Amino acid sequence: MTTEPLKTGPLKTAQPVRPGRPRNSTPPIRAKARRAPLKRRKSLTLTVLCTVMLLYSLLPLAWLAINATKSQQNLFNSFGLWFKGFGFFSNLGDTFSYEHHIFARWLLNTLLYVVVGAGGATLLATLAGYGLAKFDFVGKKAVFATVIGAVAVPATALAVPTFLMFSKMGLTDTPWAIIIPSLISPFGLYLMWTFSAEAVPAEIMESARMDGAGEFRTFFSVSLPLLGPGIVTVLLFNVVTTWNNYFLPLIMLKNQDWYPLTLGLSTWNDQAHTAGGDVVFNLVITGSLVTIIPLIAAFLLLQRYWQSGLSAGSVKG
Amino acid sequence: MTITRRRGVLLGASALAVALAATACGSSSSGGGKSSSGSSQAASVSDADLQAALTAGGNLTVWAWEPTLKKVVADFQTKYPKVHVSLVNAGTGNDEYKALQNAVQAGKGVPDVAHIEYYALPQFELTKSVVNLDQFGAASLNGTFTPGPWNSVQSDGGVYGLPMDSGPMALFYNQTVFTKFGITTPPATWDEYIADAKKIHAADPSVYITNDTGDAGFTTSMIWQAGGKPYSVSGTTVGVDFAGDAGTQKYATAWQQLIDGHDLAPVSSWSDAWYQGMAAGKIASLTIGAWMPSSLESGVKSGSGQWRVAPMPQWTAGGKVTSENGGSSLAVMKASTNQKLAYAFLKYATVDEGAQTRVDNGAFPATVKQLNSPDFLNKTDPYFGDQKINQVLAQSAGEVAPGWSYLPFQVYANSVFNDTAGKAYIGGSSLADGLKAWQDASIKYGKDQGFTVK
């Protein structure tokens, strides 16, 4: 279930950007081609170091993939990093059929939380970040301070107060209890803010206004395409956070029908911790593998945007 | 139902402090009136009333993680179609208690019925989160349950839950491994047990007689069997004394020999490594509650046919004294708006048809009727080489040492066991000193919470 290796993977391979490169218009491929004629020293130490890091990052993933093919019994009496018997498809079938297909339900719940929660958070962060970066108004500094302050407060610390508040409003044990807090992403807002300040030149906005476009038209037709890489970056951050969200659902949800995958897998794992519980480590492992596949897919598909988004931010730093 | 993860219960702590203050204020005025109102209510709710509540129907929310309850709830709804029960797994053990305390504090989302282990029940009773079931006539169930569990749900003359299962202790051992090391009869005394432990570990350093990395539930159960009474509780006055308790010292001295010899597998109970150790024959036995068979069959499938059950080893040769390990009850929450119906469900699940359903699905009964039924006693199980294990376990249930009580803040105390007594298992101190440190930590917490600590 860990996504650490994934998070660090693309970061490591992000291309450093030379100043003066036309922003956002150059795909990484071309950047590489252009860079090729430059003199580059090859460092053996660096290669070895990176290979070691790569193996270190891939090892848990390999372990997960290998052990998802083992039966409950074989998990205990075989070497952890090699195969024994091949029961992946029966594990997969059992994972989805166990307890009346509750796993499929959890998968759909997670998708719901991600699409509505992370999607909504990205939308709000984009609108707010753009607004703060491009418009002057009274109290802007106060908003800035609040956002920066909010970045520093861990979501975990807010979970219990949020629970007490939501329980007064009768929202606990409903999907809203997960979706509403997920909509707030101070870090995403901050990122979009700095990104908008850089990526959308005031001149372009000026000329759009001169041509008679209203602010909304300017935003959607002119600014939004320029913000693309930043939006994808924030979206990825939010998707990962929401997909892996554990503590908030743990506090908010009691009804298993609304559980996300993280919480559901944890209850399966906990069955081994109690007398008479059905021990299903094989399903926990297979379920974990299924859980991380959509994240891997999201990263592979959005990787190029993510990279250019990051590098655009790095120019400023 | 023993669980091993220990986490701080900070939320519980504050809730406890508030409730305790309230208790302290109220106790002087209501001390006399409580029992009289209890008895008058006892007369007002009869079996007919409960039957009427069941027929009238309603909605109940039950928080429990016990697997056999699913079937019980399904049967219950078939029998009483107007009652709708939503069974919610709000976490195992500590996780559920935390959620329960959060809900009580928030005043919303509190279930009607909650699954609470015996060691945790006093905490909920003291915070007045659960209802005294005397008002529904629970006192008349005296004799229905075996003595150990029945004592566990009573406090200050009230009944705060109905026992769901019990865990009289016994020695579960892998006969194949024992035989391999020349142990033909399971140890009958702790002296023999220690000798066997050393014999096994000396012959093969990768094999251990059992595992122990410091488990509060196991330790207190062992002290309980040794005749120790380190905890004394009377209302909000509590005493914690491991240092001067003879039973504690007897246990600590014996167990220290195993710790010193590194004869205990450094594996925590209920962990993946624990199941793996048993499956590989590296952990040869467990002294544990009678609810263990179904966990062995599900978690250690490869041990089928190898395991056997023997009486718990004794402190004196020929003795017949055991203790309880784990076990849990169902309680009615004070915030429930339909307490009568909730109690009717409790009775169905623990005394009436539900008790049999649960035993049929692998739970160990807390009821005398199920425990003594010939079907139960004569049941054989190929996992245990067709041994009639229930005879051993039922006998243990009848030999539980009386007079044990847990602290009203045992959930917290258990959560700090590893920070204090746990050090003994990694050579940081002796077990006796570790238990003294646990005592000090418990006393400090008790005082902070407003208890009078002796």
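The values are calculated or read from the model by the stated rules, or taken from the named source; none is laboratory data. Every value quoted in this text rests on a predicted model; they were computed, and no experiment measured them. Every residue, glycine as well, gets a Cβ built from its backbone with ideal geometry; the counts of neighbours run over all protein chains shown.
Could you check B:Lys79 against (1) crowded, with 22+ Cβ neighbours inside 10 Å; (2) touching a residue at least 40 places away in the same chain (Cβ under 8 Å); (3) farther than 26 Å from B:Asn132 by Cβ and say which number it fails?
Every listed condition holds for B:Lys79 apart from (1).
Answer yes if at least one residue in segment A:130-140 is touching a Phe, Trp or Tyr at 6+ places or on another chain (Cβ under 6 Å) and crowded, with 20+ Cβ neighbours inside 10 Å, and no otherwise.
The initial filter retains those residues of segment A:130-140 that are touching a Phe, Trp or Tyr at 6+ places or on another chain (Cβ under 6 Å), namely A:132-133.
Filter once more, so that each one left must be crowded, with 20+ Cβ neighbours inside 10 Å: A:132.
Yes.
Here's the yes/no breakdown for (1) assigned to a helix (DSSP H, G or I); (2) more than 14 Å from chain A (Cβ to nearest Cβ); (3) of a type in the set (A, V, I, L, M, F, W, C):
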site	(1), (2), (3)
B:Leu330	no, yes, yes
B:Lys347	yes, yes, no
B:Ala394	yes, yes, yes
B:Leu407	no, yes, yes
B:Gly428	no, yes, no
B:Ala437	yes, yes, yes
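Within segment B:180-196, identify whether any single residue is closer than 28 Å to B:Val416 by Cα and touching a Leu at 6+ places or on another chain (Cβ under 9 Å), and answer yes or no. Break it down into steps so the answer makes sense when it comes.
Keep residues of segment B:180-196 that are closer than 28 Å to B:Val416 by Cα, which gives B:190, B:194.
Applying the additional criterion that residues be touching a Leu at 6+ places or on another chain (Cβ under 9 Å) yields B:194.
Yes, segment B:180-196 has at least one match.
For segment B:45-76, give me each residue that is more than 13 Å from B:Thr350 (Cα to Cα), surrounded by 14 or more Cβ atoms within 10 Å (Cβ to Cβ) and hydroxyl-bearing (Ser, Thr, Tyr).
Once the filter is applied, which keeps residues that are more than 13 Å from B:Thr350 (Cα to Cα), surrounded by 14 or more Cβ atoms within 10 Å (Cβ to Cβ) and hydroxyl-bearing (Ser, Thr, Tyr), segment B:45-76 yields only B:Thr61.
In segment A:237-281, what count of residues is obtained for those that are within 11 Å of chain B (Cβ to nearest Cβ), closer than 30 Å to A:Asn77 by Cα and in a helix (DSSP H, G or I)?
So the count comes out to 11.
Find the residue count for segment A:66-117, including only residues that are free of Cβ contacts under 8 Å to residues at least 60 places away in the same chain, within 14 Å of another protein chain (Cβ to nearest Cβ) and more than 17 Å from A:Asp278 (Cα to Cα).
Counting residues in segment A:66-117 that are free of Cβ contacts under 8 Å to residues at least 60 places away in the same chain, within 14 Å of another protein chain (Cβ to nearest Cβ) and more than 17 Å from A:Asp278 (Cα to Cα) gives 6.
Counting only residues that are surrounded by 21 or more Cβ atoms within 10 Å (Cβ to Cβ) and hydrophobic (A, V, I, L, M, F, W, C), how many does segment A:238-249 have? Steps first, answer last, please.
Initially, segment A:238-249 is screened for residues surrounded by 21 or more Cβ atoms within 10 Å (Cβ to Cβ), giving A:238-239, A:242-243, A:245, A:248-249.
From what's left, hydrophobic (A, V, I, L, M, F, W, C): A:239, A:243, A:248.
Count: 3.
Which condition from (1) in contact with a strand residue (DSSP E or B) (Cβ under 8 Å, 6 or more places away or on another chain); (2) touching a residue at least 12 places away in the same chain (Cβ under 8 Å) is the one that B:Leu377 breaks?
So the condition that B:Leu377 fails would be (1).
Among the residues in segment B:311-318, are any over 30 Å from B:Ser206 (Cα atoms) and either without any contact (Cβ under 8 Å) to a residue 24 or more places away in the chain or charged (D, E, K, R) (or both)?
For segment B:311-318, residues over 30 Å from B:Ser206 (Cα atoms) and either without any contact (Cβ under 8 Å) to a residue 24 or more places away in the chain or charged (D, E, K, R) (or both): present.
Could you look through segment B:105-122, keep only residues that are within 13 Å of another protein chain (Cβ to nearest Cβ) and aliphatic (A, V, I, L, M), and pick out the one that is surrounded by the fewest Cβ atoms within 10 Å (Cβ to Cβ)?
B:Ala106
State which residue pairs qualify: first residue facing chain A (nearest Cβ under 7 Å) and at negative phi and inside segment B:274-298, second residue part of a helix (DSSP H, G or I) and not small (Gly, Ala, Ser) in any location, beta carbons under 6 Å apart, and separation of 6 or more residues or different chains.
Close Cβ pairs satisfying both conditions: B:Gln276/A:Phe76; B:Ala279/A:Phe76.
Being assigned to a loop (DSSP other than H, G, I, E, B) and in contact (Cβ under 8 Å) with a residue 40 or more places away in the chain is the requirement here; does B:Ala335 meet it? First the steps, then the outcome.
Numbers: assigned to a loop (DSSP other than H, G, I, E, B): yes; in contact (Cβ under 8 Å) with a residue 40 or more places away in the chain: yes.
When the stated conditions are applied, B:Ala335 passes them.
Name the residue, out of B:Val177, B:Val159, that is β-branched (Val, Ile, Thr), surrounded by 21 or more Cβ atoms within 10 Å (Cβ to Cβ) and closer than 19 Å to B:Phe145 by Cα. Walk me through how you get there before you give the answer.
Values: B:Val177 fails: closer than 19 Å to B:Phe145 by Cα.
Checking each option against the conditions leaves just B:Val159.
Among B:Lys379, B:Lys301, which is outside the structural domain of B:Val113 (by TED's automatic domain parsing) and over 19 Å from the mean Cα position of the chain (by Cα)?
Working: B:Lys379 fails: outside the structural domain of B:Val113 (by TED's automatic domain parsing).
None of the others qualify; the one that does is B:Lys301.
Is it true that A:Gly230 is crowded, with 22+ Cβ neighbours inside 10 Å, over 28 Å from A:Leu171 (Cα atoms) and of a type outside the set (A, V, I, L, M, F, W, C)?
Numbers: crowded, with 22+ Cβ neighbours inside 10 Å: yes; over 28 Å from A:Leu171 (Cα atoms): yes; of a type outside the set (A, V, I, L, M, F, W, C): yes.
Yes; evaluated as a whole, the condition is true for this residue.
Among the candidates B:Val309, B:Val351, B:Val321, which residue alone is under 20 Å from the mean Cα position of the chain (by Cα), crowded, with 22+ Cβ neighbours inside 10 Å and away from every other protein chain (no Cβ under 14 Å)?
Values: B:Val351 fails: crowded, with 22+ Cβ neighbours inside 10 Å; B:Val321 fails: crowded, with 22+ Cβ neighbours inside 10 Å.
Among B:Val309, B:Val351, B:Val321, only B:Val309 is under 20 Å from the mean Cα position of the chain (by Cα), crowded, with 22+ Cβ neighbours inside 10 Å and away from every other protein chain (no Cβ under 14 Å).
For segment B:92-113, how many residues are at positive phi and touching a residue at least 12 places away in the same chain (Cβ under 8 Å)? Break it down stepwise before answering.
Of all residues in segment B:92-113, those at positive phi come to B:93, B:107, B:109.
Now drop any that are not touching a residue at least 12 places away in the same chain (Cβ under 8 Å), which leaves B:93, B:107.
Qualifying residue count, segment B:92-113: 2.
For segment B:386-415, enumerate the residues that are aliphatic (A, V, I, L, M), in contact with a helix residue (DSSP H, G or I) (Cβ under 9 Å, 6 or more places away or on another chain) and crowded, with 20+ Cβ neighbours inside 10 Å.
Here is the first cut: in segment B:386-415, the residues aliphatic (A, V, I, L, M) are B:389, B:392-394, B:397, B:400-401, B:407, B:411, B:413.
Now narrow it down to the ones that are in contact with a helix residue (DSSP H, G or I) (Cβ under 9 Å, 6 or more places away or on another chain): B:389, B:393-394, B:397, B:400-401, B:407, B:411, B:413.
Once the filter is applied, which keeps residues that are aliphatic (A, V, I, L, M), in contact with a helix residue (DSSP H, G or I) (Cβ under 9 Å, 6 or more places away or on another chain) and crowded, with 20+ Cβ neighbours inside 10 Å, segment B:386-415 yields B:Ile389, B:Leu393, B:Ala394, B:Ala397, B:Val400, B:Leu407, B:Val411, B:Ala413.
Report yes if some residue within segment A:202-222 is out of contact with any Lys or Arg (no Cβ under 6 Å at 6 or more places or on another chain), part of a helix (DSSP H, G or I), away from chain B (no Cβ under 14 Å) and surrounded by 22 or more Cβ atoms within 10 Å (Cβ to Cβ); otherwise report no.
Initially, segment A:202-222 is screened for residues out of contact with any Lys or Arg (no Cβ under 6 Å at 6 or more places or on another chain), giving A:202-222.
Applying the additional criterion that residues be part of a helix (DSSP H, G or I) yields A:202-210, A:215-222.
Checking the rest, the ones that are also away from chain B (no Cβ under 14 Å) come to A:202-210, A:215-222.
With surrounded by 22 or more Cβ atoms within 10 Å (Cβ to Cβ) added as a condition, the list becomes none.
No, the conditions are met nowhere in segment A:202-222.
Within segment A:286-296, identify whether any single residue is farther than 29 Å from A:Ala157 by Cα, more than 25 Å from the chain's Cα centre (by Cα) and modelled with pLDDT of 90 or more, and answer yes or no.
Scanning segment A:286-296 turns up no residue that is farther than 29 Å from A:Ala157 by Cα, more than 25 Å from the chain's Cα centre (by Cα) and modelled with pLDDT of 90 or more.
Just to check your reading of the model, which residue among B:Leu50, B:Leu87, B:Leu54 is on the phi < 0 side of the Ramachandran plot, in contact with a Phe, Trp or Tyr (Cβ under 9 Å, 6 or more places away or on another chain) and within 12 Å of another protein chain (Cβ to nearest Cβ)?
Working: B:Leu50 fails: within 12 Å of another protein chain (Cβ to nearest Cβ); B:Leu54 fails: within 12 Å of another protein chain (Cβ to nearest Cβ).
Going through B:Leu50, B:Leu87, B:Leu54 in turn, just one is on the phi < 0 side of the Ramachandran plot, in contact with a Phe, Trp or Tyr (Cβ under 9 Å, 6 or more places away or on another chain) and within 12 Å of another protein chain (Cβ to nearest Cβ): B:Leu87.
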